[in-house]
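*Asks:* One structure follows; several queries about it will come next.
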Number of protein chains: 2
Amino acid sequence: MLDTDRLNATFAALADPTRRAILARLALGETSVQKLAEPFAISLPAISRHLKVLEHAGLISRGRDAQMRPCKIDTAGLIGVDHWLEEYRKLWGQSMDKLESYLEVMKAQQGAAPPKKSRSVKRQGASHGRKD
Amino acid sequence: MLDTDRLNATFAALADPTRRAILARLALGETSVQKLAEPFAISLPAISRHLKVLEHAGLISRGRDAQMRPCKIDTAGLIGVDHWLEEYRKLWGQSMDKLESYLEVMKAQQGAAPPKKSRSVKRQGASHGRKD
DNA sequence: CGGTTATTTAACTATTTGGCTAAATACGAT
DNA sequence: ATCGTATTTAGCCAAATAGTTAAATAACCG
């Protein structure tokens, strides 16, 4: 798959709020299709198709556990976006400052805790309260 | 406009390779619609509509110069994407090394001292092959 | 004013997308 | 084998999208 097609697919996948919400849920950890479907008012087949789109976009991958197909985030798609964005970050000046302060923090902590940027990483917390 | 709608629009806009190419061109500087259209095999009205989509997505803005409507990048949309991505960056560990080496390069390039605040990042050709 | 250039709007068509329901498939348990 | 649960495929429809050409608008030029 060409880089260009992959980006087409990834951005297109991210353009749908239901799919972004699914991704937000998956950021908390692997789950079954049913569990993923719960918060939404749409049919299971609809969810199934959203998942196919996300998978095709390199945003999730799927395993097999009995009759379930647990989904988890695949970072490939996100990294693709991040990399694409890299070209443009120089356009809004803050990059250096941000990187600088981030690095400062890291050095101060010397490999102790993982990124302490903006939000905290709640492993268990249910509310990822995104309106997303 | 809700955050969610804005993201829908931005991601949808970025899902089209023509629009990404337009953005890549605009990263080099402001231009007229005609100039923007040149590299493409599609009609001017088609370009015009792409521009409308990009504008609506907060990715470009337009001025007026005689009968031309020069377009330039609006960082708002890109920053929106970057911010959305922030939630997910923790999922792929590489951040430290990458930031580290990036900063290293920057320091090497603009004379000894670490760029304290807001040093504008020089354009240094290099890296990222653009297939877009 | 009338002409030329730059860009947009209108009207139409083909394709894609997202949703639905009903039916099919895949496993595990009985 | 048959049943029950989990998920996908099929077929249908409505709305959105990307392209087209032709016509409209906007601003400058003589």
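*Asks:* Could you tell me whether any residue of region B:20-35 is open to solvent by less than 20 Å² (accessible area, probe 1.4 Å), modelled with pLDDT of 95 or more, within 13 Å of DNA strand D (Cβ to nearest atom) and within 20 Å of B:L7 (Cβ to Cβ)?
*Replies:* Within region B:20-35, one or more residues are open to solvent by less than 20 Å² (accessible area, probe 1.4 Å), modelled with pLDDT of 95 or more, within 13 Å of DNA strand D (Cβ to nearest atom) and within 20 Å of B:L7 (Cβ to Cβ).
*Asks:* Here's something else I'd like to know. Hey, any hits in region A:47-61 for a residue that's open to solvent by 10 Å² or more (accessible area, probe 1.4 Å), near DNA strand D (Cβ under 10 Å from one of its atoms), more than 10 Å from every other protein chain (Cβ to nearest Cβ) and among the hydrophobic types (A, V, I, L, M, F, W, C)?
*Replies:* For region A:47-61, residues open to solvent by 10 Å² or more (accessible area, probe 1.4 Å), near DNA strand D (Cβ under 10 Å from one of its atoms), more than 10 Å from every other protein chain (Cβ to nearest Cβ) and among the hydrophobic types (A, V, I, L, M, F, W, C): absent.
*Asks:* Sticking with this one: May I ask you to verify whether B:L59 is within 11 Å of DNA strand C (Cβ to nearest atom), closer than 23 Å to A:D16 by Cβ and in contact (Cβ under 8 Å) with a residue 40 or more places away in the chain?
*Replies:* no
*Asks:* Within region A:25-51, track down each residue that is within 14 Å of DNA strand C (Cβ to nearest atom) and of a type in the set (D, E, K, R).
*Replies:* A:E38, A:R49 - these are the residues of region A:25-51 that are within 14 Å of DNA strand C (Cβ to nearest atom) and of a type in the set (D, E, K, R).
*Asks:* Kindly indicate which of B:V105, B:V121 is modelled with pLDDT under 95, of a type in the set (A, V, I, L, M, F, W, C) and closer than 16 Å to A:W92 by Cβ.
*Replies:* Just one listed residue meets the conditions, B:V121.
The values are calculated or read from the model by the stated rules, or taken from the named source; none is laboratory data. Nothing here was measured: the structure is a model prediction, and the numbers come from that model. Quick reminder, even Gly has a Cβ in these numbers, built from the backbone with ideal geometry, and neighbours come from all protein chains shown. SASA here: full protein model, heavy atoms, side chains in, ligands and nucleic acids out. Shrake-Rupley method; radii C 1.70, N 1.55, O 1.52, S 1.80 Å.
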